[in-house]
1. With a cut-off of at most 10 other beta carbons within 10 Å, and DSSP calling the residue loop, which GluC sites (Glu not before Pro) in segment 36-73 qualify? Please list them.
2. Can you tell me what the convex hull of the Cα atoms of segment 20-75 projects to on average, as an area in nm²?
3. Once amide H atoms are placed 1.01 Å from N in the peptide plane, what residues at a sequence separation of 5 or more from V28, or on another chain, have their amide H within under 5 Å of its amide H?
Amino acid sequence: MIATSTKKRRDEGFDVSNHKHCVICGGVVPPEKDPPMCEGTCEEEFMKRQKRSKTFNMVWMLMIFALIALMMFSFLGFGAPPATP
Ligand SMILES: [Zn+2]
């Protein structure tokens with residue numbers, strides 16, 4: 001006799017073992033979502049955050065650039081910064 005065990009699995013919506021989590025609220029979202037996030041409020045929040053981080057990165061880059069320029073200038077001896085009051 002041959003015993004065959006067939007398990008039927010119902011797919012409801014999407015496979016739970018293969019999913020992503022919303023980057024904003026951590027909720028479960030389908031794996032095809034890229035970037036993974038809920039529609040609506042989370043998407044808006046993500047856009048806001050991205051915009052903010054872009055501005056933050058730009059400010060940092062400018063600061064580092066200014067610092068390097070300042071160091072180069074002081075190293076070359078051009079217009080030493082008035083450190084002594
Ligand atoms: Zn979300």
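Read the figures in this text as sums done on the coordinates, not as results from a lab. What you see is a predicted model, and the numbers here were worked out from it, not measured in a lab. Glycine gets a Cβ as well: all are built from the backbone with ideal geometry, and neighbour counts include every protein chain shown.
1. Within segment 36-73, the qualifying GluC sites (Glu not before Pro) (loop, at most 10 other Cβ atoms within 10 Å) are E39.
2. Approximately 4.8 nm², given one-decimal rounding.
3. C22
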